[in-house]
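**Q** Sharing a structure here in structure tokens format.
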Amino acid sequence: MENVAAKGHMDSAVIVDTFGVCSPEAVRYFTRKACEHLKKPVEAHFHNDFGLAVANSLAAVGEGAEVVHTTVNGIGERMGNADLAETALSLEALYGLKLDLKFSKLRELSKLVEKISGIKMPPQKPVVGDKIFNVESGIVAGWWLNLKEAKLPLVMYPYKWDFVGQDGVKLVLGKKSGRESIIYKLNELGVDASKIDVDRLLLLVKEESLKRKSLISDDDLKALLKGSVRVRSQ
């Protein structure tokens, strides 16, 4: 490769880990040596067999790689390639590299590729997943409501939802919910929480969620309200 770089024509050299077997430490070493010896731009192309494609891409950039190969939703052969959204957002937000990208289009692009490819993304997929801004845990919900009132979303989240094209934080009900979540949902439904036995309703929500092995929708909550919850006496 050195002869090609020195005597032939080479625009750039691509470091390729086709089977995703490199660790970030190995990638750092290899990239550093390639940059030292070749004196040509170095590109990084990594597969995700150990879930390290993004980490390896970041390691390569840290040692001088100028181009990173990514795919939308990480789609690629076998376990796939470095994910575009995860890699780009990490470079921008964690490493301070200013990329000429419209980050607010990442989710829209992801959903388009999901539709065209027929490859469904998990709801918890970083950056573009459908449920990454859902909050179920009672403690976290209470914390979020305080931060929301104080207008300090970045105390809890590493980036704002609208920056990556997401709709925003959504409180959902399930087995991990707490009183704050119940009161919040009742207010959303226009129900006076002071007239409801919130503790009893919370217990029913948890039981129903465990039974169904799923979250509890607003309609489910309304049904629980009508069926079993005692109204507080004044």
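Values in this text are rule-based calculations from the coordinates and carry no lab data. Predicted model, so just to flag it, every value in this text is computed and none were measured. Note: ideal-geometry Cβ built from the backbone for every residue, glycine included; neighbour counts use all protein chains shown.
**Q** Could you give the length gained by full extension between residue 143 and residue 161, i.e. 0.36 nm per residue of separation minus their alpha carbon distance, to one decimal place? Write down the numbers at each step before the final one.
**A** Values: separation 18, 0.36 × 18 = 6.48 nm, distance 1.72 nm.
Stretched fully, the residue 143-residue 161 segment lengthens by 4.8 nm.
**Q** Separate question: In percent, how large is the relative contact order of the range 134-194, given Cα pairs closer than 8 Å and 6 or more residues apart?
**A** Values: 52 pairs, mean separation 26.0, N = 61.
Over the range 134-194, the number comes to 43 percent.
**Q** May I pose another question? Per residue of the range 74-83, what does 6.51 cos²θ - 1.76 cosθ + 1.60 with θ = phi - 60° give for ³J(HN,Hα)? Whole Hz please, x for Gly and Pro, Karplus curve as stated.
**A** x, 5, x, 4, 6, 7, x, 10, 4, 6
**Q** Still on this structure, please answer the following. Amide H neighbours of residue 134 under 5 Å, counting only residues 5+ apart in sequence or on other chains, H built in-plane at 1.01 Å?
**A** Excluding prolines and chain starts, which carry no amide H, the hits are 170.
**Q** Among 216, 171, 59, pick out the residue whose Cα is farthest towards the positive end of the charge dipole of the chain, where Lys and Arg carry +1 and Asp and Glu carry -1 on C-beta, about the Cα centre.
**A** Farthest towards the positive pole: 216.
**Q** Using alpha carbon centroids, what distance separates the range 146-184 and the range 13-82, in Å?
**A** Rounded to whole Å, the Cα centres lie 34 Å apart.
**Q** Now for a separate question. If amide H atoms are built 1.01 Å from N in the plane of the peptide, which residues on other chains or at least 5 residues away come under 5 Å of the amide H of residue 47?
**A** Distant-sequence amide H within range of residue 47: 17, 20.
**Q** Once you charge only the Cβ atoms, +1 for Lys and Arg and -1 for Asp and Glu, what is the size of the charge dipole of the range 140-234 about its Cα centre, to the nearest 20 debye?
**A** Dipole about the Cα centre, nearest 20: 300 debye.
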